[in-house]
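K.L.:
Next up is a structure, given as structure tokens.
The values are calculated or read from the model by the stated rules, or taken from the named source; none is laboratory data. What you see is a predicted model, and the numbers here were worked out from it, not measured in a lab. FYI the Cβ positions are ideal-geometry reconstructions off the backbone, even for glycines, and counts take in every protein chain you see. Surface areas here come from the heavy atoms of the whole protein model, side chains and all, with no ligands, DNA or RNA. Shrake-Rupley method; radii C 1.70, N 1.55, O 1.52, S 1.80 Å.
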Amino acid sequence: MTGKQKSKVIILGIETSCDETSAAVLANGEDLRSHVISSQISTHQKYGGVVPEIASREHSIHFRPVVQQALDEAKVTFQDLSAIAVTYGPGLVGSLLVGVSGAKAMAYASKIPLIGINHLEAHIYANFIQHKDLQFPLLALLVSGGHTHLILFEGHGKYEVLGYTRDDAAGEALDKVARTLGLGYPGGPQIQRVSQEGNPQAFKFPRAMLEADSLDFSFSGMKSAVLNTLNSARMRGEVLSVPDIAASFQEAVVDVLVRKTLMAIKRTGVKTLLLAGGVAANKLLRETLEMSLVRLGIRLVYPEPIYCTDNGAMIATAGYYHYLEGNFAPWTLNAVPGLSFPRRKN
Ligand code: KG4
Ligand code: ZN
């Protein structure tokens, strides 16, 4: 295809907030023409987590080839694009800057609008890639390596945070426990894998529920309880079962996430729950939520695992809705590492 097709809205979505360089081309909000993800996981694995400086450097190397591959696979050129959407926060500042500067340069040179995307919002929009029939209001449980948020989504661009983590994110806690257990990075999928062989009742780890009416989370104390259990056993010369520890911790994290989500559903009266973020790929979380929600007549929607972790398709999807609203970014758009949503006053 060459020359701009006026009837079509074609968005190039770009994601570089953490350790994935990704680009996708989406036509009319529903036709995902291409989706390229270059993951740095193997580079960071030997350090047990993402090293920000290395991440920025890797993004700089892969950014242009990933974008070109996305355009080529979609059989479009810059002239065919309606706009370029890019994550501008939250995330690692150096990583974000690679995407923001690159997208800005490409949009400016192509004389098309630039759209700045909140990464958290995009994770929620990952649900719209495969589900076109979602009706507002929606509640989203966003659980990733950097975030644990309960968000009320009342319309395109209308969000309120009902609760968030006061310390570690759920994925971060899973990653840290996995690292201590020698399971490698990223820890969430490893915890899920070894938990299959473990007894989730073997250890009674605490569930941090905070104040009775709070929708906030706290995973740091729960993580410390696991580390203390391991250290005490080590001092006694005991060897604990890794699968039992993993299964018991996964159970505790999922238990808290589900209980808080049910509280939020009761409080808001929403009929649909969207799961989002890397931890949304967790099988126990999905199954436990499904079981609880079916009884309440609440619909549970979640993206395919590839759209749960960081990806350009979710950026292009969020970008499409911003494009329809004419919500474009100025050329002064900058990376905002601590970007969030407004907090609801209870
Ligand atoms: O959304 P994401 O790719 O990056 C952030 O924006 O943080 O999420 C990555 C997080 C990591 O903490 C990883 O361990 C976790 O998602 N994760 C999982 C699973 N797959 C990824 N956690 C539990 N179970 C999984 N299957
Ligand atoms: Zn993410």
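K.L.:
Would you tally the residues in region 232-249 being touching a residue at least 12 places away in the same chain (Cβ under 8 Å), of a type outside the set (A, V, I, L, M) and open to solvent by 20 Å² or more (accessible area, probe 1.4 Å)?
P.N.:
Residues meeting the conditions: 3.
K.L.:
Out of all the residues in region 66-111, which are without any contact (Cβ under 8 Å) to a residue 12 or more places away in the chain and more than 19 Å from ILE10 (Cα to Cα)?
P.N.:
SER101
K.L.:
For region 43-63, indicate whether the set of residues that are of a type in the set (Val, Ile, Thr), buried (at least 18 other Cβ atoms within 10 Å of the Cβ) and assigned to a loop (DSSP other than H, G, I, E, B) is non-empty.
P.N.:
From region 43-63, those of a type in the set (Val, Ile, Thr) are 43, 50-51, 54, 61; that's our starting set.
Still in the running and buried (at least 18 other Cβ atoms within 10 Å of the Cβ): 50.
Pick out the ones that are also assigned to a loop (DSSP other than H, G, I, E, B) and you get 50.
Within region 43-63, one or more residues are of a type in the set (Val, Ile, Thr), buried (at least 18 other Cβ atoms within 10 Å of the Cβ) and assigned to a loop (DSSP other than H, G, I, E, B).
K.L.:
For region 179-231, how many residues meet the condition of being over 19 Å from VAL279 (Cβ atoms), open to solvent by 50 Å² or more (accessible area, probe 1.4 Å) and among the polar types (S, T, N, Q)?
P.N.:
4
K.L.:
Now for a separate question. When residues of region 305-336 are filtered for being in contact with a strand residue (DSSP E or B) (Cβ under 8 Å, 6 or more places away or on another chain), open to solvent by less than 60 Å² (accessible area, probe 1.4 Å) and in a loop (DSSP other than H, G, I, E, B), how many remain?
P.N.:
Qualifying residue count, region 305-336: 6.
K.L.:
Among the residues of region 269-287, write down those that are assigned to a helix (DSSP H, G or I) and open to solvent by 40 Å² or more (accessible area, probe 1.4 Å).
P.N.:
LYS283, LEU284, GLU287
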